[in-house]
Structure formats: C-alpha cells, structure tokens
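Working notes, structure below.
The values are calculated or read from the model by the stated rules, or taken from the named source; none is laboratory data. The structure presented is a predicted model; accordingly, all values stated were derived computationally and were not measured. Heads up, the Cβs are rebuilt from the backbone with ideal geometry, glycines too, and the neighbour counts pull from every protein chain shown. Accessible surface is based on the protein model in full, side chains and every heavy atom, while ligands, DNA and RNA are left aside. Shrake-Rupley method; radii C 1.70, N 1.55, O 1.52, S 1.80 Å.
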There are 2 protein chains.
Amino acid sequence: MGIVTADIGITLDGFGAAADQSLEHPFGSIDEHRLHSWMFEHGDDNAAEVAAIVDAGAFVMGRNMFDPGRGDWDLSWRGWWGEDPPYHAPVFVLTHHAREPLPMEGGTTFHFVTDGLASALAQARAAAGERDVAVAGGASTINACLAAGVLDELRLHVAPFVAGLATGSRMFDGVGPLGLEPVAARHTPHVTHLTYRRA
Amino acid sequence: MGIVTADIGITLDGFGAAADQSLEHPFGSIDEHRLHSWMFEHGDDNAAEVAAIVDAGAFVMGRNMFDPGRGDWDLSWRGWWGEDPPYHAPVFVLTHHAREPLPMEGGTTFHFVTDGLASALAQARAAAGERDVAVAGGASTINACLAAGVLDELRLHVAPFVAGLATGSRMFDGVGPLGLEPVAARHTPHVTHLTYRRA
C-alpha cells in the first residue's frame with residue numbers, strides 16, 4: 001500500500017494563501033506569482049519536486065483549492081486546470097455542498113465529498129490501490145491531516161519571501177504540539193524544499 | 001568589513017520562545033530541550049553550524065535573551081553562560097534599563113545599550129572591526145533587524161516539531177513583506193539548517 005503525502009507552497013512565514021481568497025485572486029492578497037514561480041517559471045530547477053506533486057493514485061483537496069471563496073456550486077466551474085487536469089486520477093474534493101462527480105479528460109475525475117476528511121481519505125485509499133494518496137492542499141486541509149495523524153510525508157516548498165499577513169491559511173495552525181522527522185532539505189534560487197515524515 | 005548575521009533556533013511553526021518567558025523557563029512553555037537538542041546533544045552532527053554561531057567580532061542580543069521576563073536589573077545576574085561565556089567578544093544587550101558594562105572571563109564583555117537597535121549595531125560594528133557582527137536573538141530582535149534592512153545573513157535552525165502556541169516570540173512577525181535569497185539548506189536528524197541572504 002502507498003503512503004499519504006502532502007505538498008504545499010508556502011511563504012517564509014508559513015502562509016499558503018491569504019484570508020481573502022476569491023475566484024479572481026485564488027491566493028487572496030498573497031503574491032501568487034512569487035509563491036509559485038519555482039514551479040511555473042523555474043520548473044527545470046525543481047523538476048523532481050514538481051513531478052512528485054502529481055505522482056499519486058488518488059488525491060484529496062480542500063474546497064477552497066478547487067473553487068475558492070464560494071458556497072453553493074456554479075456548475076459551469078470545472079476547476080483551474082482546463083479540460084485535462086494534471087492529476088490523471090480521482091480527486092476527492094472536501095465540501096459542504098453536494099455535487100455530481102465531474103469526469104475530465106486524461107483520467108481525472110473530481111468527486112465531491114460531503115461527509116468529511118476521513119471519508120475522503122478512505123475513498124482515495126481505495127481508489128489509489130498500491131499507489132500513494134496525495135493531499136493537494138490547501139494548508140487547512142493538510143493541517144487537518146496532521147492533527148488527525150493520517151499524513152505520512154509532508155513536502156513543504158518554501159518560497160523565499162515573508163507574506164507579512166495578520167491572518168490567512170497558514171501551515172501548522174491548529175495542529176497542536178507535534179513532532180516530525182526531517183528527511184530532506186534542498187534549495188534552489190526560488191524555493192527551499194523541505195520533506196518531513198511522521199515521527 | 002564583515003557582514004551582519006543572525007542565528008536562531010525555531011520550531012516548525014516559527015517560534016523561538018513562548019510568551020511566558022521567565023528566569024526559571026527562559027523559553028517559556030516551549031520545550032527548550034527539543035528546540036536545542038541539535039546543539040547540546042547532537043552537536044557532532046551540526047558542528048559547523050554550532051561553531052558559526054559564535055564566530056563573530058561582536059554580538060547584539062535582546063534583553064530577554066540575557067535575562068528573560070524582568071524589568072530592573074538584579075545585579076547578581078551575570079547571564080546564562082557562566083563566568084566564561086562562549087562569545088569571547090563584546091556583546092551589546094538591548095535594554096530599557098541602564099547598567100554598567102559587565103566584563104567576564106575569556107574576552108566577553110556585556111554592554112547594556114539603552115538607546116536602541118541602531119546604536120547597538122553601530123557599537124557592535126565598531127567593535128567587530130573586519131569581522132562579522134552576529135545578532136544572537138531572540139526572534140523579536142532579529143525581526144527588528146530584518147524590518148530595518150540591516151541583516152545580511154539569516155540562519156534558521158528549525159527543530160522538527162510544531163510548538164502549537166497561540167502567541168510567542170515568532171520569526172517574521174511584524175517584518176512585513178520582505179524577499180530573501182535562499183543560499184543553503186541542510187538537514188540532520190534533529191534540525192534543518194536554512195540560510196538566507198539579503199535579496
């Protein structure tokens with residue numbers, strides 16, 4: 001059986017997004033270009049880490065990552081990733097609002113899970129078979145996984161700037177005292193990759 | 001001329017100390033053993049980083065690092081480090097309470113600076129000559145240096161646990177938006193060393 005992994009891009013002060021997320025500004029007032037330039041502009045420097053993000057048999061994702069800042073569904077919204085999203089596997093989206101599964105091209109199907117994280121993880125494990133389950137974010141979903149003790153490997157991609165926010169979606173908020181094991185650290189000019197395992 | 005460096009041990013969520021610092025618990029309710037075991041118990045794994053901390057011609061230190069949680073001086077208090085502190089150079093302690101210089105063995109003299117960070121740094125630069133000036137912490141003093149744009153190199157030593165505090169002395173608090181340049185990242189079993197330079 002695979003393990004449960006999580007990847008997230010954060011600032012030096014731990015923010016994955018500002019509080020004021022919207023469809024126009026999915027990361028709110030945080031500078032999303034600066035947060036993710038290592039991936040979109042300097043992918044050659046970070047090829048292994050970029051590839052690992054989507055190397056899983058199933059995914060779990062918070063609603064705000066699929067569709068930030070909204071309540072009921074606008075059924076015309078099919079995610080950020082175009083008709084062929086990079087997941088190529090089932091993606092279980094945590095939400096309070098039921099919606100029919102949304103099959104996309106290339107093997108990605110978005111499933112909308114209304115009965116909580118444990119259910120989403122169980123469904124993802126069943127779908128992944130021998131492969132890993134990847135928690136795709138955001139920070140609050142990953143924090144919930146850490147607090148629940150269900151995450152095996154956490155991969156932080158720290159962009160080298162301080163957001164300077166008062167509030168937002170911040171790694172480790174609400175996780176409580178928790179030990180992890182450092183297993184990798186690597187920097188490139190636009191990001192520092194830090195990998196931790198369950199202690 | 002040397003550069004201005006800073007070293008600090010922090011948790012995964014960025015805390016250098018809890019808010020409830022005292023002479024009995026200089027890091028407050030944070031687990032100081034866990035925060036610094038990389039230095040005191042596993043120093044062989046981290047020899048270069050430990051040695052670099054005191055490789056400077058002069059030091060600047062916040063009052064809470066010399067004598068946490070107190071106002072007026074108890075003149076019998078001579079710091080944590082015994083009669084021969086590891087600095088072997090002048091240490092400029094930021095405080096609101098004047099005190100005569102305190103010469104120790106081995107070349108360390110604590111000077112108590114009441115006219116602010118810029119003055120302490122100027123005195124430290126003058127004393128350091130060609131060598132570096134090291135800001136010894138805590139987080140609020142280092143944050144003040146970052147905010148003032150006077151820090152050339154920041155060395156974070158991230159202990160692999162989440163403190164889970166609501167408040168405390170936290171890296172990057174109040175620094176505001178700020179870019180840095182990642183120049184090194186290395187992990188050992190008990191700490192991850194991250195070095196950043198002025199962008």
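Scanning region B:168-177 for residues that are in a strand (DSSP E or B), under 14 Å from B:Ile8 (Cα atoms) and either facing another protein chain (nearest Cβ under 9 Å) or in contact with an Asp or Glu (Cβ under 9 Å, 6 or more places away or on another chain) (or both) yields a total of 1. For region B:154-164, a residue qualifies if it is within 7 Å of chain A (Cβ to nearest Cβ) and open to solvent by 30 Å² or more (accessible area, probe 1.4 Å), and exactly one does: B:Gly164.
Could you tell me which residue of region B:188-199 is farthest from the other protein chains (Cβ to nearest Cβ), considering only residues that are over 19 Å from A:Trp38 (Cβ atoms) and part of a strand (DSSP E or B)? The selected residue is B:Arg198. Of all the residues in region A:187-199, those that are open to solvent by 40 Å² or more (accessible area, probe 1.4 Å) and in contact (Cβ under 8 Å) with a residue 40 or more places away in the chain number 4. The single condition from (1) among the aliphatic types (A, V, I, L, M); (2) closer than 23 Å to A:Ile30 by Cβ; (3) more than 8 Å from chain A (Cβ to nearest Cβ); (4) more than 15 Å from the chain's Cα centre (by Cα) that B:Ala139 fails is (4). Test B:Leu151 against the stated conditions and say whether it is open to solvent by 20 Å² or more (accessible area, probe 1.4 Å), within 14 Å of another protein chain (Cβ to nearest Cβ), assigned to a loop (DSSP other than H, G, I, E, B) and in contact (Cβ under 8 Å) with a residue 60 or more places away in the chain. Taking the combined requirement at face value, the residue does not satisfy it. Only one of the numbered conditions (1) at pLDDT 95 or above; (2) within 30 Å of A:Gly176 (Cβ to Cβ); (3) outside any helix (DSSP H, G or I); (4) of a type in the set (A, V, I, L, M, F, W, C) is violated by B:Leu165, and that is (1).
Considering every residue within region A:178-186, establish whether at least one is open to solvent by 20 Å² or more (accessible area, probe 1.4 Å), in a strand (DSSP E or B) and farther than 25 Å from A:Asp132 by Cβ. No; the residues of region A:178-186 include none that is open to solvent by 20 Å² or more (accessible area, probe 1.4 Å), in a strand (DSSP E or B) and farther than 25 Å from A:Asp132 by Cβ. Checking each residue in region A:107-143 for being closer than 17 Å to A:Phe66 by Cα, open to solvent by 60 Å² or more (accessible area, probe 1.4 Å) and assigned to a helix (DSSP H, G or I) picks out only A:Ser140.
Let me confirm something: among B:Thr141, B:Thr114, B:Thr188, B:Thr192, which residue is out of contact with any Pro (no Cβ under 7 Å at 6 or more places or on another chain) and under 17 Å from B:Leu12 (Cα atoms)?
Details: B:Thr141 fails: under 17 Å from B:Leu12 (Cα atoms); B:Thr114 fails: under 17 Å from B:Leu12 (Cα atoms); B:Thr192 fails: out of contact with any Pro (no Cβ under 7 Å at 6 or more places or on another chain).
Only one candidate passes the filter, namely B:Thr188.
Would you pick out the residues in region B:1-21 that are within 13 Å of the chain's Cα centre (by Cα) and of a type in the set (D, E, K, R)? The one that is within 13 Å of the chain's Cα centre (by Cα) and of a type in the set (D, E, K, R): B:Asp7.
Looking across region B:165-177, the residues that are among the aliphatic types (A, V, I, L, M) and open to solvent by 30 Å² or more (accessible area, probe 1.4 Å) come down to B:Leu165, B:Ala166.
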